[in-house]
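Before any comments, here is the structure.
The values are calculated or read from the model by the stated rules, or taken from the named source; none is laboratory data. On a predicted model such as this, the values are computed, not experimentally measured, just so you know. Cβ coordinates were reconstructed from backbone atoms using ideal geometry, including for glycine residues, and neighbour counts include every protein chain displayed.
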Amino acid sequence: MAAATEVPDEPGQPPALTALSLAQQSQAMTKEQIITPFDVSGGVDEHGKPIAIDYNKLIDKFGSQRIDGALLERFEKATGHRAHRLLRRGMVFSHRDLTVILDKYEKGVPFFLYTGRGPSSDSMHVGHSIPFEFTKYLQDVFNVPLVIMLTDDEKFFHTAKLTQKECRRFAMQNAMDIIAIGFDMKKTFIFADSEFTESAFAGAFNENVREMGKRTTANQIRHTFGFTDSNNISEFHFPAMQSATSFATSFPFIFGYDTKKVSKIPCLIPCAIDQDPYFRQCRDNAPRLKLPKPAIIHTVFLPSLRGSESKMSASDVDSSIFLSDTDKQIKKKIGQAFSGGQETLEEQREKGGRTNVDVPFQYLTFFLEDDDKLEELRTGYESGKIASGDMKAACTKELQAYVSAFRERRKAVTEKVREEFMRPRQLEFTGMPSEEEQKAARKTKFAALLGSLSLDDIEFLRQEKTNQDS
Ligand code: TRP
């Protein structure tokens, strides 16, 4: 990219490649990866070959925090549950302020979860279900309320060919699929923007949208999302909607009407990394509303069946396994997926396969629960003991089981069930502890910690503290 743009070009003409040296020409083939809420693609190397998304680079570029072993350990301690396989294997890889949420949670301060989906079609694929499955896990281990936002307005603003009616229909359809992931009705509120904002329950939400809108400049939006003067004005305004859902005060029917107390309830947002710009924007402006910045936890994308340079896309049928696919379709699609195996079985036995680009193996890292089995497949494949056909068979079996379990749960989701999830109502929520209760929780924790130490340990800590202070 860089080299080509250094050469002055005629407006409207392609870059004058002929004016470049050979080295510059090859550099000109390279393309940086693009990750925004509206476009996700890996980069291109100097030979024009697509390369996989580099998530480490994203952490540096976005300025988020890596999730490391120490944080996982702390997470397991705080929740009393084993880390989800997506956490253990680094597919949930980055965060903002997760430690702040854990600090508060340990003192008995509850929080709420917020996630969402842009309903751009009526069919969801297994890549969409990943962040939702992880969200369900978080809801289970923390036992907290969850708000799910379906942005039918966003999809309408951003997609030339979609009508409002279609987007709303997709939202209702998607809601049923999302419910089938297994969320707890007593703790989950789902809403579609167009329907909710017109209801009598949206007063406080709309107020927060206006507060956010007033404090967001067109400059910020241009900078954060790369919009130009050709983007429509609704696109410029929409981020205020996605932000407003991060604040507990937007939902008094869930959290209560004591604004002072409710404004202290923190929010944790599990989302795919492409949504980070929205919440960076929200975090920048939240202090101006005197409201807490939401914490965020980021997941990677499920690679496309075509290879790990791109994510699954609902508009490219052969790139994805849909939650509505039959066992036969799944088998066929995995059979044609990009393989990291060698050309012939002989070669495979001799050189082994490349698990880092093998799509069936990559999928198993997302869907196979058993760590030992996964390790067996990895070493077996790399050493050439396991053929690519066997890897595909293992992957097919796992995805068929995943989708058929989903299919069963989906059957139980009726229109009535959907309506109940989408009805504004109180959710089960322990409520904010008083100052005294928080103090008592801290005391209990202090005593428990102290009880686990010997006198020697305490003496060591005391000395170490003096040493480090001096
Ligand atoms: N903008 C998201 C999309 O297009 C939908 C969304 C709204 C969302 N709020 C969210 C996703 C919070 C994750 C977390 O898919």
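Name the single residue that is farthest from the ligand (Cβ to nearest atom) among those in segment 72-113 being of a type in the set (Lys, Arg), farther than 18 Å from residue 274 by Cα and not in a loop (DSSP other than H, G, I, E, B). Quick ask: steps written out before the conclusion?
Initial filter on segment 72-113 (of a type in the set (Lys, Arg)): 74, 77, 82, 85, 88-89, 96, 104, 107.
Cutting the leftovers down to farther than 18 Å from residue 274 by Cα gives us 74, 77, 82, 85, 88-89, 104, 107.
Among the residues that remain, those that are also not in a loop (DSSP other than H, G, I, E, B) are: 74, 77, 85, 88, 104.
Numbers: 74: 24, 77: 26, 85: 20, 88: 22, 104: 20 Å.
By that ranking, first place goes to 77.
Okay, residues lined up against (1) outside any helix (DSSP H, G or I); (2) within 27 Å of residue 61 (Cβ to Cβ):
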{"site": "167", "(1), (2)": "no, no"}
{"site": "177", "(1), (2)": "no, no"}
{"site": "190", "(1), (2)": "yes, no"}
{"site": "207", "(1), (2)": "no, no"}
{"site": "210", "(1), (2)": "no, no"}
{"site": "229", "(1), (2)": "yes, yes"}
{"site": "235", "(1), (2)": "no, yes"}
{"site": "264", "(1), (2)": "yes, no"}
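Before we move on, is residue 283 in a helix (DSSP H, G or I), within 15 Å of the ligand (Cβ to nearest atom) and either free of Cβ contacts under 8 Å to residues at least 40 places away in the same chain or touching a Lys or Arg at 6+ places or on another chain (Cβ under 6 Å) (or both)?
On the way: in a helix (DSSP H, G or I): yes; within 15 Å of the ligand (Cβ to nearest atom): yes; either free of Cβ contacts under 8 Å to residues at least 40 places away in the same chain or touching a Lys or Arg at 6+ places or on another chain (Cβ under 6 Å) (or both): yes.
Yes, satisfied.
Please determine, by comparing only the residues of segment 217-250 that are more than 16 Å from the ligand (Cβ to nearest atom) and within 16 Å of residue 284 (Cβ to Cβ), which one is surrounded by the most Cβ atoms within 10 Å (Cβ to Cβ).
My answer is 220.
Tell me the residue from 101, 181 that is under 30 Å from residue 264 (Cβ atoms), of a type in the set (A, V, I, L, M, F, W, C) and in contact with a strand residue (DSSP E or B) (Cβ under 9 Å, 6 or more places away or on another chain), please. Give the steps one after another, and end with the answer.
On the way: 181 fails: in contact with a strand residue (DSSP E or B) (Cβ under 9 Å, 6 or more places away or on another chain).
The unique qualifying residue is 101.
Residue by residue through segment 266-280, note down the ones that are more than 14 Å from residue 242 (Cβ to Cβ) and in a strand (DSSP E or B).
First, the residues of segment 266-280 that are more than 14 Å from residue 242 (Cβ to Cβ): 266, 268, 270, 273.
Hits for segment 266-280 are 268, 270.
Look at segment 35-53 and say how many of its residues are surrounded by 13 or more Cβ atoms within 10 Å (Cβ to Cβ), within 16 Å of the ligand (Cβ to nearest atom) and not polar (S, T, N, Q).
Number of matching residues: 4.
Which residue out of 337, 295 is out of contact with any Cys (no Cβ under 6 Å at 6 or more places or on another chain) and under 23 Å from residue 118 (Cα atoms)? Before the answer, list the steps.
Details: 337 fails: under 23 Å from residue 118 (Cα atoms).
Every option except 295 fails the conditions.
The conditions are (1) among the polar types (S, T, N, Q); (2) within 19 Å of residue 139 (Cβ to Cβ); (3) out of contact with any strand residue (DSSP E or B) (no Cβ under 7 Å at 6 or more places or on another chain), and residue 115 fails exactly one of them. Which is it?
Among (1) among the polar types (S, T, N, Q); (2) within 19 Å of residue 139 (Cβ to Cβ); (3) out of contact with any strand residue (DSSP E or B) (no Cβ under 7 Å at 6 or more places or on another chain), residue 115 violates only (3).
Since residue 305 meets every condition but one in (1) more than 14 Å from the ligand (Cβ to nearest atom); (2) touching a Ser or Thr at 6+ places or on another chain (Cβ under 8 Å); (3) modelled with pLDDT of 95 or more, which condition does it not meet?
Going through the list (1) more than 14 Å from the ligand (Cβ to nearest atom); (2) touching a Ser or Thr at 6+ places or on another chain (Cβ under 8 Å); (3) modelled with pLDDT of 95 or more, residue 305 breaks only (3).
Which ones in segment 57-71 are assigned to a helix (DSSP H, G or I) and exposed (fewer than 13 other Cβ atoms within 10 Å of the Cβ)?
Applying the first criterion (assigned to a helix (DSSP H, G or I)) to segment 57-71 yields 57-62, 69-71.
Selection gives 60, 69, 70.
Checking residue 278 against (1) over 22 Å from residue 59 (Cα atoms); (2) buried (at least 22 other Cβ atoms within 10 Å of the Cβ), only one condition comes out false. Which one?
Result: residue 278 fails condition (1) only.
For segment 119-156, how many residues are within 15 Å of the ligand (Cβ to nearest atom) and in a helix (DSSP H, G or I)?
Total satisfying the criteria: 17.
Only residues that are more than 10 Å from the ligand (Cβ to nearest atom), among the aliphatic types (A, V, I, L, M) and touching a strand residue (DSSP E or B) at 6+ places or on another chain (Cβ under 8 Å): list them for segment 262-280, please.
Of everything in segment 262-280, those that are more than 10 Å from the ligand (Cβ to nearest atom), among the aliphatic types (A, V, I, L, M) and touching a strand residue (DSSP E or B) at 6+ places or on another chain (Cβ under 8 Å) turn out to be 265, 268, 273.
Which condition does residue 116 not pass, out of (1) away from the ligand (no atom under 16 Å from the Cβ); (2) not in a helix (DSSP H, G or I), if it passes all the others?
Residue 116 satisfies every listed condition except (1).
If a residue counts only when it is surrounded by 13 or more Cβ atoms within 10 Å (Cβ to Cβ), which helices (runs of 4 or more DSSP H) contained entirely in segment 374-470 have at least 1 such residues? Outline the logic, then answer.
Values: elements: 388-411, 415-421, 435-451, 455-469.
Because the criterion is at least 1 residues that are surrounded by 13 or more Cβ atoms within 10 Å (Cβ to Cβ), the helices (runs of 4 or more DSSP H) in segment 374-470 that meet it are 388-411, 415-421, 435-451.
Name the single residue that is modelled with the lowest pLDDT among those in segment 286-302 being within 13 Å of the ligand (Cβ to nearest atom) and within 20 Å of residue 399 (Cα to Cα). Spell out the reasoning first.
Step one: list which residues in segment 286-302 are within 13 Å of the ligand (Cβ to nearest atom), which gives 294-299, 301.
Keeping just the survivors that are within 20 Å of residue 399 (Cα to Cα) gives 299, 301.
Details: 299: 96, 301: 90.
If we take residues in segment 286-302 being within 13 Å of the ligand (Cβ to nearest atom) and within 20 Å of residue 399 (Cα to Cα), then 301 is modelled with the lowest pLDDT.
It is to be established whether one or more residues within segment 356-371 are within 24 Å of residue 90 (Cβ to Cβ) and over 23 Å from the mean Cα position of the chain (by Cα).
If we filter segment 356-371 for residues that are within 24 Å of residue 90 (Cβ to Cβ), which is where we start, we get 356-371.
In the following step, the residues that additionally are over 23 Å from the mean Cα position of the chain (by Cα) were identified as none.
Checking segment 356-371: not a single residue is within 24 Å of residue 90 (Cβ to Cβ) and over 23 Å from the mean Cα position of the chain (by Cα).
Could you list, in sequence order, all residues of segment 420-446 that are over 14 Å from residue 107 (Cβ atoms) and aliphatic (A, V, I, L, M)?
If the condition is that a residue be over 14 Å from residue 107 (Cβ atoms) and aliphatic (A, V, I, L, M), then 422, 427 are the ones that fit.
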